[in-house]
Amino acid sequence: MRRYSAFAVAREALRYHSGWERAWASPEPKKKYDVIIIGAGGHGLATAFYLGKRFGIKNVAILEKGWLGGGNTGRNTTIIRSNYLQDPSAAIYEKSRSLYETMSQDLNYNVMFSPRGVIMLAQTHHEVRGYQRTAHANALQGVKTEYIGPERVKELVPIININGPRYPVLGGLWQDRGGTARHDAVAWGYARACSDMGMDVIQKCEVTGIRRESGRVVGVSTSKGEIDCDKLGIVVAGHSGVLADLAGFRLPIESVALQALVSEPIKPCMDVVVMANTVHGYMSQSDKGEMVIGGGADGYNNYTQRGSFHHIEETVRALIETFPMISRLKMLRQWGGIVDMTGDRSPILSKTPVDGVFINCGWGTGGFKAIPGSGYGMAELIAKGSSPLTDAFSLNRFKEGRFIDESVAAGVAH
Amino acid sequence: MLMLECPYCGVTADETELSPGGEAHLTRFGPGASDDEFHDYLFMRENPKGVHFERWRHAYGCGKWFHAARATDTLEVFGTYPAQTTKPPQEILDKISAKRPGWTWRDLK
């Protein structure tokens, strides 16, 4: 693989850009792999990447029924933060955030990580106490966050209305090393790195069956034929329940639609990410100038990748009160993704009842930020059967009462 | 927008008038149940890509709880029926079978 660099850009400029290679290969599947990962979104590709990088397991295929990063990796609002309450969450999300800092160098692919800072607004006294508690917890976990007052919020976000009639801004939880990244580039960068290691990224290859013998996985049936494997990683977000069904076990997960939208592009007006969990809305400004807006998930099971209009209306209504300036903005695009929600709003990274099958799911409304950390831990789980990053997130935690309860800490916007 | 007909007051309500209540026809397990039964009752929900049976409440209307049969992959509604039953009425099952031969949900088909 030719490396991307300033020199490469100059070289190609002198020869009509005729020398750029394809970023990744599109091979046909082999008969057998050591590990098959189902799902070429961020989490699946990161898992494969770290299998190769950390454990030298490179006979790996990543199967994708659609196209690279065409699911939730391409449908989120690209927010990266690690200000969670519980220790296992802080560990994996902070690992992830720190990996984002060097991802462009690690992958030789510009993922445009922008550590612009994330504020979660406290708009009720309950939230003030909650975020102060989170700030203290983060201090103990080694995650740099601080609780700030309304004056500092106004200083960081001049366009905010801190004296809203119903929910005035009382303060906020500020993580100055959080931010955003280019979501597609994360998938593309990992795909390129995986392909470079000799792994097969196979698109338009839908898994239709998971073959087992004596309780152990032996391969998968796909739209491109039978493929054998020693180990199988299921990393498919909203469709986790469908794949688990093929493997013969159940998951404590429900799939619902989560929507986002962007406005027409405007001049730079807000250089941090603002999340307002009480009123169900969050917003940042993309490099193109669009205001990127997200809100709450729909309330009922849904696989259609489109959500209900009134959720957009609620989100926008809340944000207009918080940012009066945006009231006349036109909205350009709206889309939905299917998110996999667990009871405690924490992910599942776990062995399963089927030997050799591992699952990484349940990231719900907040998976993008976790991509590198999730892959880092999941690769270790698949290679060694256990990982300090993932062990707390096992499937049996529900039965054992070891919840990692982030439903309160994370609020709705995750 | 999803619209459901309330089987009690007969109003065809927009989803803004309704509250979703999750999976229908759950068997409650409590004291005396095994760990597995209690775990499944609390956490294991049907999550089909296809036919699903749910509870809804006509929250901003007559206030009654009712059931709906719906497809999660197309948002098609097969019908609604009152809450005082442990399984869907045969006419709704027949309607689903006519449209989706081979469907299953728990032990229904």
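What number of residues within region B:53-73 satisfy the criterion of being free of Cβ contacts under 8 Å to residues at least 40 places away in the same chain and either part of a loop (DSSP other than H, G, I, E, B) or aromatic (Phe, Trp, Tyr) (or both)?
3
Pairs, please: C-beta under 6 Å, at least 6 apart or cross-chain, first residue more than 8 Å from chain B (Cβ to nearest Cβ) and farther than 16 Å from B:ARG57 by Cβ and in region A:297-308, second surrounded by fewer than 23 Cβ atoms within 10 Å (Cβ to Cβ) and at pLDDT 95 or above?
none
Return the residues of region B:1-44 that are more than 21 Å from A:GLY307 (Cα to Cα) and within 10 Å of chain A (Cβ to nearest Cβ); say none if nothing qualifies.
Passing the criteria: B:ASP35, B:ASP36, B:PHE38, B:HIS39, B:ASP40, B:LEU42, B:PHE43, B:MET44.
Would you kindly identify the strands (runs of 3 or more DSSP E) lying entirely within region A:183-296 that contain at least 1 residues that are within 30 Å of A:MET325 (Cβ to Cβ) and acidic (Asp, Glu)?
Filter on region A:183-296 gives A:253-265.
Kindly indicate the residue of region A:237-250 that is facing chain B (nearest Cβ under 10 Å) and among the hydrophobic types (A, V, I, L, M, F, W, C) and also surrounded by the fewest Cβ atoms within 10 Å (Cβ to Cβ) among those meeting that condition.
Only one residue tops the list, namely A:VAL242.
Please determine, by comparing only the residues of region A:327-353 that are assigned to a strand (DSSP E or B) and hydroxyl-bearing (Ser, Thr, Tyr), which one is nearest to the other protein chains (Cβ to nearest Cβ).
A:THR342
Of the residues A:ALA46, A:ALA91, which single one is among the hydrophobic types (A, V, I, L, M, F, W, C), under 22 Å from the mean Cα position of the chain (by Cα), closer than 30 Å to A:THR134 by Cα and buried (at least 24 other Cβ atoms within 10 Å of the Cβ)?
That would be A:ALA46, the only listed residue that is among the hydrophobic types (A, V, I, L, M, F, W, C), under 22 Å from the mean Cα position of the chain (by Cα), closer than 30 Å to A:THR134 by Cα and buried (at least 24 other Cβ atoms within 10 Å of the Cβ).
Could you go through region A:360-372 and let me know if any residue there is modelled with pLDDT of 90 or more, more than 17 Å from A:SER89 (Cβ to Cβ) and of a type outside the set (Ser, Thr, Tyr).
no
I'm trying to understand the selection: among the residues of region B:26-48, which are surrounded by 11 or more Cβ atoms within 10 Å (Cβ to Cβ) and of a type in the set (Lys, Arg)?
Residue satisfying the conditions is B:ARG45 alone.
Go through (1) modelled with pLDDT of 95 or more; (2) outside the structural domain of A:GLY52 (by TED's automatic domain parsing); (3) in a helix (DSSP H, G or I); (4) buried (at least 18 other Cβ atoms within 10 Å of the Cβ) and name the single condition A:LYS154 misses.
A:LYS154 satisfies all of (1) modelled with pLDDT of 95 or more; (2) outside the structural domain of A:GLY52 (by TED's automatic domain parsing); (3) in a helix (DSSP H, G or I); (4) buried (at least 18 other Cβ atoms within 10 Å of the Cβ) except (4).
Could you grab me the full set of residues in region B:46-55 that are touching a helix residue (DSSP H, G or I) at 6+ places or on another chain (Cβ under 9 Å) and at the interface with another protein chain (Cβ under 10 Å from one of its Cβ atoms)?
B:GLU46, B:ASN47, B:PRO48, B:LYS49
Taking A:GLU264 and the conditions (1) over 30 Å from A:ARG3 (Cβ atoms); (2) without any contact (Cβ under 8 Å) to a residue 24 or more places away in the chain; (3) not β-branched (Val, Ile, Thr), which numbered condition does it fall short on, given that it satisfies the others?
Looking at each condition in turn, A:GLU264 falls short on (2).
Hey, among the residues in region A:94-133 that are of a type in the set (S, T, N, Q) and surrounded by 18 or more Cβ atoms within 10 Å (Cβ to Cβ), which one's farthest from the chain's Cα centre (by Cα)?
Ranking the qualifying residues of region A:94-133, first place goes to A:GLN123.
Pick from A:ILE266, A:ILE253: which is touching an Asp or Glu at 6+ places or on another chain (Cβ under 7 Å) and either within 14 Å of another protein chain (Cβ to nearest Cβ) or surrounded by fewer than 16 Cβ atoms within 10 Å (Cβ to Cβ) (or both)?
From the options A:ILE266, A:ILE253, the qualifying one is A:ILE253.
The values are calculated or read from the model by the stated rules, or taken from the named source; none is laboratory data. Not measured: the values here are computed from a predicted model. Methodologically, a virtual Cβ is constructed for each residue, glycine included, from the backbone with ideal geometry; neighbour enumeration extends over all protein chains shown.
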